[in-house]
Amino acid sequence: MTEKDFLPSEYSSSKNKGVVRWKSPSNIALIKYWGKKQHQIPANPSISFTLDSSATDTTVSYRKLDGESAGFSQAAETHGFDLFFEGELKNDFRPKIETFFKRVEKYLPFLRGYHFKIETSNSFPHSSGIASSASGMSALALCLMSMEREFVPKMDDHFFNKKASFLARLGSGSACRSIEGPLVQWGNHSYIEGSSDLYGIPYPYRIHDVFQNFQDTILLVDEGQKQVSSTVGHDLMHGHPFAELRFGQAHTHLSDFRSVLADGNLEEFIKIVESEALTLHAMMMTSHPYFILMKPNTLEIINKIWAFREASKANVCFTLDAGANVHVLYPENEKNTVYEFIKSELLQFCENGKHLCDRTGLGAKEFKT
Ligand code: DP6
């Protein structure tokens, strides 16, 4: 599919007002997206586990503007919406939503004809270090798609999900991997049928049972403000001395992942996932300007995981986002032993012992209003 396929033809019906609501999860990349081209096109393909309980719940109430206000809206610089985060009007989130609306209005031409009240909240604590842009932008994209489906009632689920992912990507790249689950791949890859730079797809090949309900315990090492925004981070890959090699490596890792996922080869899975996490941070350490986003406790945790794995032969590994927190990944059937280890040896390195227990999930859910 190309971008043109997401431009709607005439709407067959319209509605004066309504309410739509979606709960959309966050996701954790196993093969990382780091570096992008214009229009939110990734520099390399990525794949992630969709999470289950770390999610954003968004309700959008829409009201059709009367003739005069609609005319005003067409000419206005900004779109008509109010944004409430956890019950409070949040004007500091407006610019991100406004940018999103501007990017998607070509594909959702009804946007300027309505006023929106957006009410959103996260299941995870604010500033917990979980990327809320993936869950937040995907939830909003899904709400707008539910609205569009009201105008195009014959739209099928397959197209609905693709377009939701396409729109979410325009809000935040990783958000396009939060529509479905449990494993979503985004970005062109020569061996992966149906893969696209424009949207994420559910991983189309065999996935071994060992990856079902895979556990992700998120250790909150640092709840502080992000030192580097992802926009700045992606930008640092332009002219980066190792960029081309890194992009090539992501392609190779994805090719290697096919048999790893099919055979349930946890040893190779661990090697690729940890290498990806460390490469992401190595890219930041070797860009100009350079950053170290890991904290001493991040390294303590990594070393403890390595020592425990060596001693116990447990299939536990870590991955990192663009920050200091650590995602500890392990199969469901090793849950008891690994969680005991986490409690006794790793929580001491978290801020006030804070952590979140999550696992892979099946994607976003609509609440019928
Ligand atoms: C390190 O999706 O947050 O989490 O497209 O600029 O919104 P924008 O970036 P974003 O980048 C995520 C980067 C990452 C790796 C990943 O999720 O693949």
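The values are calculated or read from the model by the stated rules, or taken from the named source; none is laboratory data. The structure presented is a predicted model; accordingly, all values stated were derived computationally and were not measured. Using ideal geometry, Cβ is built from the backbone for each residue, glycine included, and neighbour counts are taken over all protein chains shown.
Considering only region 340-369, state which residues are outside any strand (DSSP E or B) and surrounded by fewer than 16 Cβ atoms within 10 Å (Cβ to Cβ).
Quick first cut of region 340-369, residues outside any strand (DSSP E or B) only: 340-354, 361-362, 364, 368-369.
Of everything in region 340-369, those that are outside any strand (DSSP E or B) and surrounded by fewer than 16 Cβ atoms within 10 Å (Cβ to Cβ) turn out to be GLU340, LYS343, SER344, GLU345, GLN348, ASN352, GLY353, LEU362, LYS368, THR369.
So ARG149 clears everything in (1) crowded, with 22+ Cβ neighbours inside 10 Å; (2) more than 13 Å from the chain's Cα centre (by Cα) except one condition, right? Which one?
ARG149 satisfies all of (1) crowded, with 22+ Cβ neighbours inside 10 Å; (2) more than 13 Å from the chain's Cα centre (by Cα) except (1).
Checking the structure you have, find out if any residue of region 317-327 is away from the ligand (no atom under 16 Å from the Cβ), surrounded by fewer than 16 Cβ atoms within 10 Å (Cβ to Cβ) and of a type outside the set (D, E, K, R).
Taking region 317-327 and keeping what is away from the ligand (no atom under 16 Å from the Cβ), we get 317.
Next, only the ones that are surrounded by fewer than 16 Cβ atoms within 10 Å (Cβ to Cβ) stay: none.
Checked region 317-327: no residue is away from the ligand (no atom under 16 Å from the Cβ), surrounded by fewer than 16 Cβ atoms within 10 Å (Cβ to Cβ) and of a type outside the set (D, E, K, R).
Can you tell me which residue within region 216-236, out of those that are away from the ligand (no atom under 11 Å from the Cβ), out of contact with any Asp or Glu (no Cβ under 8 Å at 6 or more places or on another chain) and among the aliphatic types (A, V, I, L, M), is nearest to ILE301 (Cα to Cα)?
At the first step, the residues of region 216-236 found to be away from the ligand (no atom under 11 Å from the Cβ) are 216-225, 227, 236.
Next cut, out of contact with any Asp or Glu (no Cβ under 8 Å at 6 or more places or on another chain) only: 219, 224-225, 227, 236.
Narrowing further to those that are among the aliphatic types (A, V, I, L, M): 219, 236.
Working: LEU219: 9, LEU236: 27 Å.
Step by step, filter region 216-236, then rank; the result is LEU219.
Among the residues of region 138-154, count how many are within 16 Å of the ligand (Cβ to nearest atom) and closer than 28 Å to ARG206 by Cα. Give the steps one after another, and end with the answer.
From region 138-154, those within 16 Å of the ligand (Cβ to nearest atom) are 138-141; that's our starting set.
Applying the additional criterion that residues be closer than 28 Å to ARG206 by Cα yields 138-139.
Of the residues in region 138-154, 2 are within 16 Å of the ligand (Cβ to nearest atom) and closer than 28 Å to ARG206 by Cα.
Answer with yes or no whether ASP157 is farther than 16 Å from ILE28 by Cα, more than 13 Å from the ligand (Cβ to nearest atom), modelled with pLDDT of 95 or more and not hydrophobic (A, V, I, L, M, F, W, C).
Numbers: farther than 16 Å from ILE28 by Cα: yes; more than 13 Å from the ligand (Cβ to nearest atom): yes; modelled with pLDDT of 95 or more: yes; not hydrophobic (A, V, I, L, M, F, W, C): yes.
Answer is yes for this residue.
Of the residues in region 254-268, how many are touching a helix residue (DSSP H, G or I) at 6+ places or on another chain (Cβ under 6 Å) and in contact (Cβ under 8 Å) with a residue 60 or more places away in the chain?
So in region 254-268, the residues touching a helix residue (DSSP H, G or I) at 6+ places or on another chain (Cβ under 6 Å) come out as 260, 264, 268.
Next cut, in contact (Cβ under 8 Å) with a residue 60 or more places away in the chain only: none.
Residues that pass the stated criteria total 0.
Take the residues of region 23-50 that are within 22 Å of SER287 (Cα to Cα) and polar (S, T, N, Q): which is surrounded by the fewest Cβ atoms within 10 Å (Cβ to Cβ)? Steps first, please.
In the first step, residues of region 23-50 are kept if they are within 22 Å of SER287 (Cα to Cα); the result is 29-38, 40-46.
Filter once more, keeping what is polar (S, T, N, Q): 38, 40, 44, 46.
Working: GLN38: 5, GLN40: 19, ASN44: 24, SER46: 27.
Of everything passing the filter in region 23-50, GLN38 is surrounded by the fewest Cβ atoms within 10 Å (Cβ to Cβ).
Can you tell me which residues in region 26-47 are touching a Lys or Arg at 6+ places or on another chain (Cβ under 9 Å), within 9 Å of the ligand (Cβ to nearest atom) and either among the polar types (S, T, N, Q) or part of a strand (DSSP E or B) (or both)?
ASN27, ALA29, GLN40, PRO42, SER46, ILE47
Do we have PHE116 as within 22 Å of ASP358 (Cα to Cα) and either within 16 Å of the ligand (Cβ to nearest atom) or out of contact with any Leu (no Cβ under 6 Å at 6 or more places or on another chain) (or both) here?
Answer is no for this residue.
Within the bounds of region 227-235, is there any residue that is in contact with a strand residue (DSSP E or B) (Cβ under 6 Å, 6 or more places away or on another chain) and not acidic (Asp, Glu)?
Taking region 227-235 first, the residues in contact with a strand residue (DSSP E or B) (Cβ under 6 Å, 6 or more places away or on another chain) are 234.
Going one step further and asking which of them are not acidic (Asp, Glu), we end up with 234.
Among the residues of region 227-235, at least one is in contact with a strand residue (DSSP E or B) (Cβ under 6 Å, 6 or more places away or on another chain) and not acidic (Asp, Glu), which makes the answer yes.
How do the pairs read when you match residues in region 226-241 that are over 13 Å from GLY323 (Cα atoms) with residues anywhere that are of a type in the set (Val, Ile, Thr) and within 12 Å of the ligand (Cβ to nearest atom), using Cβ under 9 Å and keeping only pairs 6 or more apart or on different chains?
Qualifying pairs under 9 Å: LEU236/VAL228.
On the basis of being exposed (fewer than 14 other Cβ atoms within 10 Å of the Cβ) and either among the acidic types (Asp, Glu) or farther than 21 Å from ALA282 by Cα (or both), does ASP222 make the cut? Before the answer, list the steps.
Details: exposed (fewer than 14 other Cβ atoms within 10 Å of the Cβ): no; either among the acidic types (Asp, Glu) or farther than 21 Å from ALA282 by Cα (or both): yes.
No, not satisfied.
Based on what the data block shows, is TYR290 over 27 Å from CYS176 (Cα atoms), in a helix (DSSP H, G or I) and not acidic (Asp, Glu)? First the steps, then the outcome.
Details: over 27 Å from CYS176 (Cα atoms): yes; in a helix (DSSP H, G or I): no; not acidic (Asp, Glu): yes.
In short, no.
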